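What follows is a short report on a single structure.
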Amino acid sequence: MRHAKYRNQLPQSKDNIYLADGGLETTMLFLEGFDLPYFAAFNLMRTQVGKQAIKNYLLKYVAIAKENGTGIILDTPTWRASQDWGKLLCYSPEALDAVNQESVEMLHDIRDAHETEATKCVINGAIGPRGDGYNPSLIMSAQEAADYHRAQVTSFVKAGADMITAVTMNYVNEAIGIARLGAEAGIPTAISFTVETDGRLPTGETLEEAIRKTEIASENSPVYYMINCAHTTHFENVVKSGGSWRDRIGGLRANASALSHAELDEAEELDDGNPSEFAAQHVDLAQYLPNLVMVGGCCGTDHRHIAAIHQHFH
């Protein structure tokens with residue numbers, strides 16, 4: 001079993017903004033031509049061809065990090081690798097545990113082969129919502145959320161992940177449950193909320209409310225919060241409007257497209273926006289986020305968007 005290298009001291013900092021990858025699922029589906037039932041990239045780990053495609057994808061981002069003299073957060077392809085989604089793809093609990101651990105192992109291999117002093121590689125276990133990423137139709141209590149996600153967190157801890165991130169959280173209780181789980185397991189945990197075109201969570205809560213509630217209920221345990229799966233224009237006014245809550249935002253992973261979540265769900269072609277414009281919007285927003293430590297992308301973004309952002313930052 002491999003050991004976590006950075007679990008006790010994450011290296012990303014506001015003085016050296018790390019990069020993360022772009023939209024893995026949209027890249028694999030629209031650009032690489034893979035079939036992704038339920039948008040589940042972890043299912044590609046079943047075959048050597050799929051696994052190699054994910055490796056090749058991540059290595060493009062490692063190269064960008066090296067070019068910019070910064071580090072990288074390497075995400076596991078496991079946004080959907082939890083019980084309910086696994087069942088839809090005929091994975092037993094044991095098979096899910098195996099694919100979650102194998103995903104971390106793959107990132108260890110990449111780090112062993114490519115990490116340098118200037119480009120440290122942080123291994124991050126990616127956790128998605130139990131329900132739909134855009135629509136919080138299934139609302140759990142914080143305890144139910146902790147019980148549901150415990151198996152995946154346990155897999156990541158056993159396999160030697162440095163940290164975990166709960167991505168596209170669209171209501172507070174699920175975020176609280178995962179934050180508590182991370183604290184219980186002794187692994188640094190980031191919480192990433194998604195917002196609608198009005199800058200609010202799908203439940204109507206503001207980012208400030210969501211962060212404050214999660215902080216109180218988890219005893220301030222997340223290492224930082226993030227915003228993901230929304231275009232910068234959807235949340236820029238919220239970020240620019242002020243408030244000490246912004247000090248807890250450590251990461252941005254925006255969509256390339258300014259379309260709403262409902263429009264993206266219906267889209268049959270990829271809307272990849274304008275990478276240069278996308279980068280400029282991030283540099284503008286960074287002025288209002290004093291503790292920003294990482295920037296990547298979400299739906300529709302690829303290596304061009306991330307390269308453009310980090311060329312602006314470095």
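The values are calculated or read from the model by the stated rules, or taken from the named source; none is laboratory data. Quantities reported herein were computed from a predicted structural model and do not represent experimental measurements. Don't worry about glycine lacking a Cβ; one is built from the backbone with ideal geometry, like all the others, and counts go over all protein chains shown. Each accessible area value is taken on the protein alone, full model and side chains, heavy atoms only, with ligands, DNA and RNA left out. Shrake-Rupley method; radii C 1.70, N 1.55, O 1.52, S 1.80 Å.
For the condition closer than 21 Å to HIS312 by Cα, among the hydrophobic types (A, V, I, L, M, F, W, C) and within 17 Å of the chain's Cα centre (by Cα), ILE72 qualifies. Which members of region 277-297 meet the condition of being open to solvent by less than 70 Å² (accessible area, probe 1.4 Å) and more than 19 Å from MET226 (Cβ to Cβ)? Residue satisfying the conditions is ALA280 alone. Look at region 57-73: where a residue is in a helix (DSSP H, G or I) and a partner is open to solvent by 40 Å² or more (accessible area, probe 1.4 Å) and of a type in the set (S, T, N, Q), sitting 6+ places away or on another chain with Cβ atoms under 8 Å, you get LYS66/THR116; ASN68/GLN311. Tell me, which residue of region 9-26 that is outside any loop (DSSP other than H, G, I, E, B) and farther than 8 Å from VAL293 by Cα is most open to solvent (accessible area, probe 1.4 Å)? Applying the filter and picking the extreme gives GLU25. Which one of the conditions (1) touching a helix residue (DSSP H, G or I) at 6+ places or on another chain (Cβ under 9 Å); (2) surrounded by 18 or more Cβ atoms within 10 Å (Cβ to Cβ); (3) modelled with pLDDT of 95 or more does GLY250 fail to meet, given that it meets all the rest? Result: GLY250 fails condition (1) only.
The C-beta contact set for region 290-314 (first residue touching a residue at least 60 places away in the same chain (Cβ under 8 Å) and more than 16 Å from ASP75 (Cβ to Cβ), second residue polar (S, T, N, Q) and assigned to a helix (DSSP H, G or I), distance under 6 angstrom, 6+ apart or interchain) comprises GLY300/THR26; HIS310/ASN68; HIS314/ASN68.
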